[in-house]
Structures are given as C-alpha cells and as structure tokens.
Amino acid sequence: MPPLLELKNLRVSFPGPRGPVEVVRGVSFDLGRERLGIVGESGSGKSLTGRSILRLLRPPAKVSVDHLRFDGQDLMAMSDRQMRAVRGARISMVMQDPRYSLNPVMTVGAQIAEALRVHERIPRRAVRARVLDMLEKVRIHDPEHVMRLYPHEVSGGMGQRVMIAMMLIPKPDILIADEPTSALDVSVQAQVLDLIEEMIAENGMGLILISHDLDLVARYCDRVLVMNRGEVVEELQAGALHSAQHPYTRGLLESVPRMNETRRFLPVMDRVAGMGT
Amino acid sequence: MSALNIENLFVRYGTKDVVQDVSIRVGQGESYALVGESGSGKSTILRAVVGMASDWRGTIQVDGQPRSAMGQGAFARHCQMVFQDPFASLHPRRTVDATLSEPLRIHGIGDHADRVVEMMRSVGLDPRYRFRFPHQLSGGQRQRVAIARALMLDPKLLLLDEPTSALDVSVQAEILNLLVRLREDRGLTYVLVTHALPVVSFLCDRLGVLHKGGLVEEADVSVLRSGAFQQPYARDLYAASLGAGDRTRRAG
Amino acid sequence: MSVLDWLTDDAPASRLQAQAGQAWSIARAFARNPLAMLGAVIIGALVFVAVFAPWLAPYSPVGQDLGSRLLPPSAEHWLGTDELGRDIYSRILYGARITLVIVVMVALISAPLGLLIGAVAGYFGGWVDRVLMALTDVFLSLPKLIMALAFVAALGAGLQNAIIAIAVTAWPAYARIARAETLTFRNAEFIAAVRLQGASHLRVIGLHVVPLCLSSTIIRVTLDMAGIILTAAGLGFLGLGAQPPLPEWGAMISRGRSFILDQWWVATMPGFAIIIVSLGFCFLGDGLRDVLDPKQREGR
C-alpha cells in the first residue's frame, strides 16, 4: 500500500534582486498514518513546506516538485476546484495564532458549522449536534455557551481548541499543525498538544507538526525531520533525539538553556560569514 | 541603596488594577526575573517603571530616587529598556547609526561616530553594519542594535522585556551570552520579564512569580533549579514549563 | 568597484552611500512602472515649459492683435488665436507658470500644515485629538470649491488669494492621513524607546513621527495636484482666480465659452492642457505610491 502522502524533491523559490532565491531545496518525505515532526529555525523553510502541500503558496513564490501524491492522487495535477475539496475536508491545517485565523465577525459555532457544511450535505439539526459533539471532544466544558461566543471573547487556548475542532470536524486524513502553540502560555501548550495527540490517535490520522522546538516535537511525534536553510539535514526517531549526529541538530539541542542551568555561556553555532547575528 | 525599589505598586488599566500590591527590591548589580503567564502583569510593572503606564499608585524608586521626581532625561541616564520584538522596536527609516546616535544627540553628548562604533563592537555588531536599515538586518542583529541603544547613555539598570522570545533558539543563545557578558563588563543590574523559566535559570540570581497581578512567591534561582517552590501556583508553572522544554531530557 | 555595486551594496560604508542606495532602489522601482514614468515626463515637461516660456513662446502672451482675431489653428498660430488676437499656444506656455506656482504654493502651505496637525492629533490622542479632528471635520464637510469661493469672496479676487483659499481647503485631507498613519505606530516600541531616551514630545513628533507620515502625504499631495489645478481653473473660470490679462488656463476656458460653437479651439486648447497636466500628476502619484513603501520595495 502506498503511503498516505508522498512528497518528492520539493523546491520553493522567490525572486530576489539578484536572481531567484531558493528557500526550500529538495525536501522529500513520505507520511503514513503517523506523526511526523518538522523542526527548524525561522527561514529554514519548514512552514513553506507545510503550505506547499496544500498548494497555498501564491506568486511570486515558485513551487516545483517531482511528485506530490495524496492517497494515490497527484495534488499538483488537480484543478483549483478539486484542490479546494481536498483542503479542509481531507488535509487540514492549524495555524499559529487563533486570533488571526478565526473570522472575527462570526460566532465560534457558526464557523465550525461552516467548516462542516462546506464539505458535507447534512441537515441543519445534525450539523448542530455534530458541532456540539466536536466542541465537547476538544474539551470545552460548556459547548452550548461557547458556540455563541465571538473569537475575541475566548482565550488563546480556547481559541486554538476551537480552531482544532473546526479543522477536525470534517474528519480529515492529515492534519498539518504549524506552530500550533507558540502563541500560547506554557500551561495551555501542553493541553492543546495533548488534545491534538488524542484526536490523531482516535481518528487514525496522519499529523505533520511544524515547530521550532525540538523537544516539543520529539515528545509528540514518531519521527522528526530537522530542517536548516531549506534542506532536511537529519531524520530522527523521536526517542533517539540524543543520538543526533548532525552538527546542526546537536547545536540546536545544546543552545537551549535548561531548567537547572549551570553553564556560564551557552554554546553557539558557527555561522557562515555574513550570516552572523 | 537598591537599584530598583518597588513598594505596594498598583497599576490600573481602564477600570481594573492589573498589578495589585506588588513590592520588589532589586539590589545593585543583581539580576532579577519577573515570571508569569500572559495577563500576570509582569510587563505592566516594567511599563509603570519607565512611564509607559502612567496610572499607578505606590512607590517606585530608581537608585534611591523616587521615580516621580525624576525627569525623562535624568531617568534615561539611570534606566533603559530592551523590548521584546526587535522588528517593532527599531525605527524603520533610520539606519543603525542614526538610531544609536539619537540618545547622544538628545543629551548633547559629542563624539558620535567613535561612541557608536565602540558600542557596536561591544555588543558584537560588525561596524560594517553601521549604515544599514533595520530591514537589512536579521532578528538577532536587530536585538543587538536595541541593546546597544539602551546602553548608549551608560545606564546601570536595564529592564529586559522578553528580550529573546521572538528569536530562534540559536540566536537566543547568542543574545543571552551577550547579556551575561555585558553585565559582567559593565556592572549592570537586570530586571528580566519572561515566561521562559530556563532563561531565568541561565541569566538571573533571583525571581518573583506573578499570577493575576499579584506577587505569589519570591525565590532564589537555586530554588528554581531544583523546583522546590513553596506556593502551589509556582509549582504548577514550574511543572508546565518542564513539560514544554525539559521533560524528555530529564526522562531520557 | 562600479557605481552600480556601490549603490546596491548591502553594507554601505557611509551615510551618503546608505542614502544614495535607498534613492537608487526607489528610482529603479519607479523606472519599472511605465505609467509613472509617463507622469514624470509630463510633469518634467510642465516645469521645463514654465521655466523657459519666454524662449519657447513665439508670441507675447498678452500682446493683442485685433487684426487676427479668432483665427483657427494654422502654421502661424499653432493652436489658433483668441478674441483679442492673442496666440493661444504662447498663452498656454506662459499659463504653465501660473499653474505651477499655484500647485507648488498650495502644496507648500497645506501639506506641512495638515501633516503637523494630523501628527500632533494622532500622537497625543485624547482631547487634543478630538479638538483637532473636530476642526478638520468641519473643513472636510464643506465642499471644496464652495469654500474656496467663500474665501476668495471674502479676501478679494486674485491669484494670491486663490492660492490661500485653495490651501485652506486642502489641508484637512492631509491631517486625516497623517493622523491615521500616526495611530498605527504611536504605541510602537520604537517610539517608546525614543521617549525613554529622554526625547521631548516635540522631538519625537518632528524627527520620528513626521518622517514616517511623509511618504503617504507626498503620495496624496501628488494625487491631489490634479484637483488643485481643477479648483484653480474653476476659480479662474468664475473670474475669481488670476485676473486678466494673466493667461491662467481656467480663465482662458471661461473667455472661450462665448465662442465654443464657432471657434472651438479657444476653449478647448487650454482644456487639453489642464487634462494632460492633471493626468500627469495622477500617474506620478500612483507610481510614487507603489515605490515609496520600503516594505514593498524590499526584494525587488
């Protein structure tokens, strides 16, 4: 059986003043019904990789790929209309900040219902039941009340849970989560990630978790790709984080301060001249 | 004489006190951290100190002088602030040179060129970057410029508002190292506001845990390293932070 | 190192090089926009004509020749003559001077005034903002031409008073723009940082706030130039602007009105001049808008 998602040799470039600049340089991976983490710093191309899968990049970005197959279908060959049917219904995406990705003038309930109705034809009463059910699943205690709230009336953590509810209600096969918790407080982060983990397990979905935080990704994923400057430099099994070989991965691990920190200085990575910060 | 002395501080935004009855005392040369989650009032305290939040009651003293008695100019020479977002804290149309010489101009200090170049060297910025605009710099370079700007008037008290939370981890390491070195070289006092406990462990001597506008617990950094907090909220925060960063490393 | 490398260097070595590099990237982006270039050429031609009118014009703009009244366009009089036998082509060339003076003077008076009022209102907020914006709204709520008319009627007809009247009606738009712009960054950390360094409010507004509002104001002023020319022409048409025998384009149309059916060129030729110059300013303004935002320029 072929994997759920096959990505081979993804390249993304933007035009620059001195010719095109390639920001994703030949990324390939297969994804089954598993949890894959993509880790990298800003500019590593990790988010662009996530967006390319859904074909969300617009010109002047130029995307080329040897093949991009989802469930046996070639995503690159699809029309915009077919692509819209895939987006949301079969592959969903949770973005960083719920405040920007929720529509501010629609109630939470209406937005979740909308997400469902776009992809399925079901009677109104059933929609309401499904929405309530979904809100309960993402552990919102008083779904009847929360349904009627507007996005600015909910906290960051609840907003992100609403986002997840919205993304998962059409029962997609793959969830792409791009820094889903970096806008949240630490105490809420774990709750949101636990929730994602649980929903993935329950529905047998594939997950792509994109983050800058190696430890976090290692904790919630089976497999981790480490990206640097547009390339995958290392692939690791989550448990084997500390046997990482690549100097970049090692550098990332070492440069994070620890809770019981006693080093006087943190190790820093050597940078190519001109790249220095 | 303490570098920063805050007693019974209340800060009001609108009709609500977002900081309630907070007292902290930071000694000369000390590095003190205010930690808490969003809405805990930690940034608001800094804002009250520098005058960006004006509706406050209580006592704020900087180097023994009451804050309310210090003019903007005098205060500037005692205390400066480094902001969280290096993209928002630099004027987009001014070169590094213009940004760094502005405080000298305001205070009528001459010899701009030499002082700017010297300061750039001491924060680890190549003087080649002197005439670049912010959009020609990386996030880490911008934060170095912001730190350099704060040090131009040679203040002893530096308020750091989440100075590394907008940066990549490898860049964060460089900026944290820089802060450690500057503190040693110049005998600075730091008041750091952050939600990241590991950063506190690296950079600070003492910390205060804030929750919903109140000071829950004050502790030495050794308490943080061992996690032996007294108050339940501080322990919860510690546990959650472990989950977000250190759990696997400890388990493995 | 070639001049081009010097200009596009990522690490400028001096203030001059940094500024030249910025000017270069603006100019280059501007040159890629054909309509903007067309606008620049038209405005360049206007300035050239205004400066060199005495050498370019074949006849005197005021010299009457009653023997050659109302002649149609010919090799001798390219755009024909008016009811007093004056060469229309020469009058239009000289009229460029008046148009340019009006436009420049109005811009010089109204833009700084509006910019300052808007920046102050936006920066301080609170009651300062409310008072200044209420004042602005009063001016905005009156039709421009009518208000200019009222001012000219009060001050007396004439070129100078027309300029003052137009300037008084033009500033509120700039105040609104400057205020809106200021509001977007008045709470920005870079403004707070300058305050923290001990800068006075005056210094913050003058050196840090106003420069950021400048480009949107320049764009708006350029786009408004067409309107200013039309208002000036309107005042001239009604006999309240430049007085005869000054060759003001609006006044020329007004005089030609009586002959519009039989001698169409008398009114039409200055009309063309107004349209071309107005269009030129519009193109230029649109081009500047695309170019002056440094974020848009980046990466090109």
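The values are calculated or read from the model by the stated rules, or taken from the named source; none is laboratory data. Since we're looking at a predicted model, the values are computed, not measured. Neighbour counts are summed over all protein chains in view; Cβ atoms, including those assigned to glycine, are modelled from backbone coordinates with ideal geometry.
Numerical summary
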item	result
Those residues of region A:83-98 which are free of Cβ contacts under 8 Å to residues at least 60 places away in the same chain and of a type in the set (A, V, I, L, M), in sequence order	A:Met83, A:Ala85, A:Val86
Wholly within region C:1-57, helices (runs of 4 or more DSSP H) carrying at least 2 residues that are touching a residue at least 12 places away in the same chain (Cβ under 8 Å) and more than 30 Å from C:Thr99 (Cα to Cα)	C:3-8, C:15-31
Matching entry among C:Thr182, C:Thr217, C:Thr231 (being more than 12 Å from chain B (Cβ to nearest Cβ), buried (at least 23 other Cβ atoms within 10 Å of the Cβ) and under 30 Å from B:Ser54 (Cα atoms))	C:Thr182
Test result for B:Ala33, more than 11 Å from chain C (Cβ to nearest Cβ), buried (at least 20 other Cβ atoms within 10 Å of the Cβ) and either of a type outside the set (A, V, I, L, M) or assigned to a strand (DSSP E or B) (or both)	yes
Filter pass, B:Pro163 being within 28 Å of B:Ala3 (Cβ to Cβ), within 14 Å of chain A (Cβ to nearest Cβ) and buried (at least 23 other Cβ atoms within 10 Å of the Cβ)	yes
Scan of region C:151-173 for residues that are more than 27 Å from C:Ser215 (Cα to Cα) and either surrounded by fewer than 14 Cβ atoms within 10 Å (Cβ to Cβ) or of a type outside the set (A, V, I, L, M) (or both), ordered by number	C:Phe151, C:Ala153, C:Ala154, C:Gly156, C:Gly158, C:Gln160, C:Asn161
Hits in region A:250-265 - residues which are more than 18 Å from B:Ile175 (Cβ to Cβ) and buried (at least 20 other Cβ atoms within 10 Å of the Cβ)	A:Met259
Filtered residues of region C:42-76 (kept if surrounded by 16 or more Cβ atoms within 10 Å (Cβ to Cβ) and closer than 9 Å to C:Ser90 by Cβ)	C:Ala53, C:Ala57, C:Tyr59, C:Pro61
Test: residue in region A:173-191 that is under 14 Å from the mean Cα position of the chain (by Cα), part of a helix (DSSP H, G or I) and within 14 Å of chain B (Cβ to nearest Cβ)	no
Any hit, region B:220-231, residues being out of contact with any Cys (no Cβ under 7 Å at 6 or more places or on another chain), more than 8 Å from chain A (Cβ to nearest Cβ) and modelled with pLDDT under 90	yes
Yes/no for A:Val217 being touching a helix residue (DSSP H, G or I) at 6+ places or on another chain (Cβ under 7 Å) and surrounded by 19 or more Cβ atoms within 10 Å (Cβ to Cβ)	no
Filter pass, A:Glu261 being among the acidic types (Asp, Glu) and either within 12 Å of chain B (Cβ to nearest Cβ) or farther than 21 Å from A:Asp30 by Cα (or both)	yes
Of residues in region B:81-133 being at the interface with chain C (Cβ under 7 Å from one of its Cβ atoms) and assigned to a helix (DSSP H, G or I), the one nearest to C:Gln17 (Cα to Cα)	B:Phe131
In region A:110-136, residue nearest to A:Ser92 (Cα to Cα) [restricted to those that are in contact (Cβ under 8 Å) with a residue 24 or more places away in the chain and touching a Leu at 6+ places or on another chain (Cβ under 8 Å)]	A:Ile112
Enumerated helices (runs of 4 or more DSSP H) restricted to region C:147-256, each holding at least 2 residues that are farther than 30 Å from B:Ser89 by Cα and of a type outside the set (Ser, Thr, Tyr)	C:159-185, C:210-237, C:249-256
Test: residue in region A:160-168 that is buried (at least 20 other Cβ atoms within 10 Å of the Cβ) and in contact with a Lys or Arg (Cβ under 6 Å, 6 or more places away or on another chain)	no
Condition met for B:Leu179 (in contact with a Lys or Arg (Cβ under 9 Å, 6 or more places away or on another chain), more than 9 Å from chain A (Cβ to nearest Cβ) and at pLDDT 90 or above)	no
Residues that are touching a residue at least 40 places away in the same chain (Cβ under 8 Å) and either closer than 22 Å to C:Arg195 by Cα or among the hydrophobic types (A, V, I, L, M, F, W, C) (or both), drawn from region B:110-134	B:Val123, B:Phe133, B:Pro134
Qualifying helices (runs of 4 or more DSSP H) (wholly inside region B:145-229; at least 2 residues being more than 30 Å from A:Val39 (Cβ to Cβ))	B:169-186, B:221-226
Residues located in region C:125-158, provided they are of a type in the set (Val, Ile, Thr) and under 24 Å from the mean Cα position of the chain (by Cα)	C:Thr136, C:Val138, C:Ile146, C:Val152
Tally, over region A:224-235, of residues that are touching a strand residue (DSSP E or B) at 6+ places or on another chain (Cβ under 6 Å) and within 12 Å of chain B (Cβ to nearest Cβ)	1
Residue ranges of helices (runs of 4 or more DSSP H) in region A:10-120 with at least 1 members within 14 Å of chain B (Cβ to nearest Cβ) and at pLDDT below 85	A:98-101
Filter result (at the interface with chain C (Cβ under 10 Å from one of its Cβ atoms) and hydrophobic (A, V, I, L, M, F, W, C)) within region B:60-80	B:Ala74, B:Phe75, B:Ala76, B:Cys79
Subset of region C:272-300 that is modelled with pLDDT of 85 or more and surrounded by fewer than 16 Cβ atoms within 10 Å (Cβ to Cβ) - its residue that is farthest from the other protein chains (Cβ to nearest Cβ)	C:Phe272
Residues (assigned to a loop (DSSP other than H, G, I, E, B) and touching a residue at least 24 places away in the same chain (Cβ under 8 Å)) located in region C:84-116	C:Arg86
